[in-house]
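The values are calculated or read from the model by the stated rules, or taken from the named source; none is laboratory data. These figures come from a predicted structure and were not determined experimentally. Cβ: placed from backbone, ideal geometry, glycine included. Neighbour counts: every protein chain shown. Keep in mind that these areas ignore ligands, DNA and RNA; they rest on the heavy atoms of the full protein, side chains included. Shrake-Rupley method; radii C 1.70, N 1.55, O 1.52, S 1.80 Å.
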Amino acid sequence: MSSAYGARAAEYIAAFGDIGTAQEKDRTAVLDWARGLEGHVIDVGCGPGQWTHLLSTHGVEVEGIDPTPKFVAAAQQRHPAIRFRIGEAERLGVDNASLGGILAWYSLIHTDPALIDTALAEFARCLRPGGGLAVGFFEGPDLAPFDHTVTRAYYWPLDLLCGRLATHGFTVTTKTRRRAPGVRPHGFITAEMN
């Protein structure tokens, strides 16, 4: 996946590298979630750092990680005051119960459903009790793959993903879906670590 995004990094950055390309309601939802957090936050799959920067400008102590070196380099160049590093959802590289929050904004969409529990278990390991998780994803009535522009991605039913989170000790606090003509359905979940 990293190599697939690396090959199209410049195209992705041009299309999505500015937070202004994100819907206002999504920016508001993420900021509302982040305002309730205490402690260090990791933006998992940060890409060129647009969401990391948004959180930082609102006083969140945040760093971004991404498996694609070109994204990490671009993020560091664009936002030099914020820490960015190579990393992935399955290995966050932090101590147990050390994080106040994890943002996974469309960073699990390419994860094979049979393997997603590895990432969710890592999130659970790294979050302190009461820590928060926010997940943005493609929502659908069935768990199903589709041909994403970069590489295969998956639709997740909202309640199915909530159930997976529950098995890892999370309590879901909000769950929403949005459908609009011409765009793939969107899902958003926030959860708290027990």
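Could you please find all residues in region 106-115 being open to solvent by less than 40 Å² (accessible area, probe 1.4 Å), closer than 22 Å to D26 by Cβ and of a type outside the set (G, A, S)? Residues satisfying the conditions are L108, I109, H110, T111.
Sort out which residues of region 105-119 are of a type in the set (A, V, I, L, M) and either more than 20 Å from T52 (Cα to Cα) or in a strand (DSSP E or B) (or both), and write them in order of number.
So in region 105-119, the residues of a type in the set (A, V, I, L, M) come out as 108-109, 114-116, 119.
Passing the criteria: A114, L115, I116.
For region 67-100, taking the residues that are of a type in the set (G, A, S) and open to solvent by 40 Å² or more (accessible area, probe 1.4 Å), the one that is farthest from the chain's Cα centre (by Cα) is identified as A81.
Taking region 116-151 as the range and being open to solvent by 70 Å² or more (accessible area, probe 1.4 Å), free of Cβ contacts under 8 Å to residues at least 60 places away in the same chain and under 19 Å from L103 (Cα atoms) as the test, the residues that pass are T118, R125. Residues that are among the charged types (D, E, K, R) and open to solvent by less than 30 Å² (accessible area, probe 1.4 Å) were ranked within region 33-66; the one that is nearest to the chain's Cα centre (by Cα) is D43. Of all residues in region 175-194, those that are among the polar types (S, T, N, Q), part of a strand (DSSP E or B) and within 11 Å of G132 (Cα to Cα) total 1.
Inclusion of L103 among residues that are under 14 Å from L165 (Cβ atoms), surrounded by 14 or more Cβ atoms within 10 Å (Cβ to Cβ) and of a type in the set (A, V, I, L, M, F, W, C) is not warranted. There is at least one residue in region 175-193 that is at pLDDT 95 or above, farther than 23 Å from H40 by Cβ, basic (K, R) and open to solvent by less than 70 Å² (accessible area, probe 1.4 Å). Residues that are polar (S, T, N, Q) and in a strand (DSSP E or B) were ranked within region 152-173; the one that is least open to solvent (accessible area, probe 1.4 Å) is T171.
For region 137-152, indicate whether the set of residues that are closer than 15 Å to V44 by Cβ, modelled with pLDDT of 95 or more and touching a Leu at 6+ places or on another chain (Cβ under 8 Å) is non-empty.
Yes, some residue in region 137-152 is closer than 15 Å to V44 by Cβ, modelled with pLDDT of 95 or more and touching a Leu at 6+ places or on another chain (Cβ under 8 Å).
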